[in-house]
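Remarks on the structure that follows.
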Amino acid sequence: MTTREAGTPARYHHGDLRNALLEAGHALLEEGGPTALSIREIARRVGVSAPAAYHHFSGLDDIAVALAERGFGKLAARLQAAPSNAKGQLAPAGMAYVAFARDNPGLYRLMFGEGFKGAFSAHDRIRALRSDAYEVLKTGLSRRLPTEEIGTAALFLWSLTHGLALLMIDGQFDPGADPEALVAAVLRLSGKGLPTSAERTDPA
């Protein structure tokens, strides 16, 4: 038996067509990025007609939003599964964040609006899912900082992690032989200036 070549249509027989379309859309994203998305091509890969796809998605913006929602769900699951400890270290969650982006570069770009900023800008569900990643960072920081400083520090660390993820998936620098070690080192360095609650003293 020969293995079906990537990009060739698979005959769709039964089951969850919506999910099959999203899986094909994800594969297309990883091959060509958000600009490669096409309902006609997604349908072709699943082995159905474009009108059949339109029974599940009203248009390309609709399928892009659905893909982004799935992506944020997967990202949130990775962040929640990242190990933690009593000191509230953020390197594990940050490493999980960057690893997700490196594993799904096309999907990651889409999740933050590349090619579909208009469709995403007013979408409440997308905004809520983006905030989930921010909340994970805030939870980790709650062991280290006073309540009034958590939001600003979490935004700083999210900006750092998001920027590092984009630099890596865009190939803007050479990560060396051990990219994970590099990510861990950057995250440890970023956390050195954040005091723990025990270290902090109020000014006289």
### Query
Looking only at segment 79-97, which residues are modelled with pLDDT of 85 or more and touching a Ser or Thr at 6+ places or on another chain (Cβ under 8 Å)?
GLY94, TYR97
### Task
Would you check if PHE120 is crowded, with 18+ Cβ neighbours inside 10 Å and in contact with a Leu (Cβ under 8 Å, 6 or more places away or on another chain)?
no
### Query
Of the residues PHE72, PHE100, which is in the same structural domain as LEU145 (by TED's automatic domain parsing), assigned to a helix (DSSP H, G or I), at pLDDT 95 or above and under 9 Å from the mean Cα position of the chain (by Cα)?
PHE100
#### Entry: In segment 115-151, residue farthest from LYS74 (Cα to Cα) [restricted to those that are among the aliphatic types (A, V, I, L, M) and not in a helix (DSSP H, G or I)]
LEU145
### Message
Looking at segment 20-47, I want the residues that are buried (at least 20 other Cβ atoms within 10 Å of the Cβ) and have a partner that is among the hydroxyl-bearing types (Ser, Thr, Tyr) and at pLDDT below 95 with Cβ atoms under 6 Å, at least 6 apart or on another chain. Which pairs are those?
### Response
VAL46/TYR12
### Summary
VAL48 passes all but one of the listed conditions (1) of a type in the set (A, V, I, L, M, F, W, C); (2) outside any helix (DSSP H, G or I); (3) in the same structural domain as PRO175 (by TED's automatic domain parsing); the exception is number (3)
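The values are calculated or read from the model by the stated rules, or taken from the named source; none is laboratory data. Everything numeric here is computed off the predicted structure, so don't read it as measured data. A quick note on method: Cβ atoms are made from the backbone with ideal geometry, for glycine too, and the neighbour counts reach across all protein chains shown.
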